[in-house]
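Enquirer: Pasting a structure here, questions to come.
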Amino acid sequence: MILSYSTGGKPLLPLSLTLGQNGLLAEGLPDSGSDVNVLPLGVGNALGAQWDPSKTTLRLAGAFSGASAMPLLVMARVGDFAPVRLAFAWCHTNEVPLILGQINFFMEFDICFFRSRNQFSVLPKGTRLS
């Protein structure tokens, strides 16, 4: 699947997220420099997740250091590909974008950026190129 960069010059990937019976459409930024997938508070809330401060919290680094986060497993569907389970650091703020990082988005999908053409491609892992 080949997609174009957004008008803002970012490779935003449309995807469908599901948690239990709740689902929504979202756009995520594939970021090969991010160790983890990051989910804003509002997206988790819209999926019906309940913030529980007694659960295990995660420490984020970089631009998001200091933001509280907890693990959240969500089913994600990209295009017509089979759904995959993604592990997110669900942040207790909306000041973070939905980021698709190394663990585990890049473990489930192969991404190739063609910045000079303002395009990127996404394939499920194990897809054979012809």
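Enquirer: State all residues of the stretch 1-24 that are at pLDDT below 95 and assigned to a strand (DSSP E or B); if no residue qualifies, say none.
Expert: Hits for the stretch 1-24 are 2, 3, 4.
Enquirer: Could we say that residue 71 is at pLDDT below 95, under 16 Å from the mean Cα position of the chain (by Cα) and of a type outside the set (A, V, I, L, M) here?
Expert: yes
Enquirer: Looking at (1) surrounded by 15 or more Cβ atoms within 10 Å (Cβ to Cβ); (2) in contact with a strand residue (DSSP E or B) (Cβ under 6 Å, 6 or more places away or on another chain), can you tell me which one residue 64 breaks?
Expert: (2)
Enquirer: Restricting the search to the stretch 19-72, which residues are in contact (Cβ under 8 Å) with a residue 40 or more places away in the chain and within 10 Å of residue 90 (Cα to Cα)?
Expert: Correct list: 37, 38, 39, 40, 41, 42, 43, 44, 49, 51, 72.
Enquirer: Would you point out the residue of the stretch 93-119, among those that are in contact with a Gly (Cβ under 9 Å, 6 or more places away or on another chain) and farther than 18 Å from residue 5 by Cα, that is surrounded by the most Cβ atoms within 10 Å (Cβ to Cβ)?
Expert: So the residue we want is 105.
Enquirer: Please state which of the following conditions residue 47 fails to meet, knowing it meets all the rest: (1) surrounded by 17 or more Cβ atoms within 10 Å (Cβ to Cβ); (2) over 16 Å from residue 73 (Cα atoms); (3) at pLDDT 95 or above.
Expert: With (1) surrounded by 17 or more Cβ atoms within 10 Å (Cβ to Cβ); (2) over 16 Å from residue 73 (Cα atoms); (3) at pLDDT 95 or above applied to residue 47, the lone miss is (2).
The values are calculated or read from the model by the stated rules, or taken from the named source; none is laboratory data. Just so it is clear, the structure is predicted and the values come from calculations on it, not from any experiment. Note: ideal-geometry Cβ built from the backbone for every residue, glycine included; neighbour counts use all protein chains shown.
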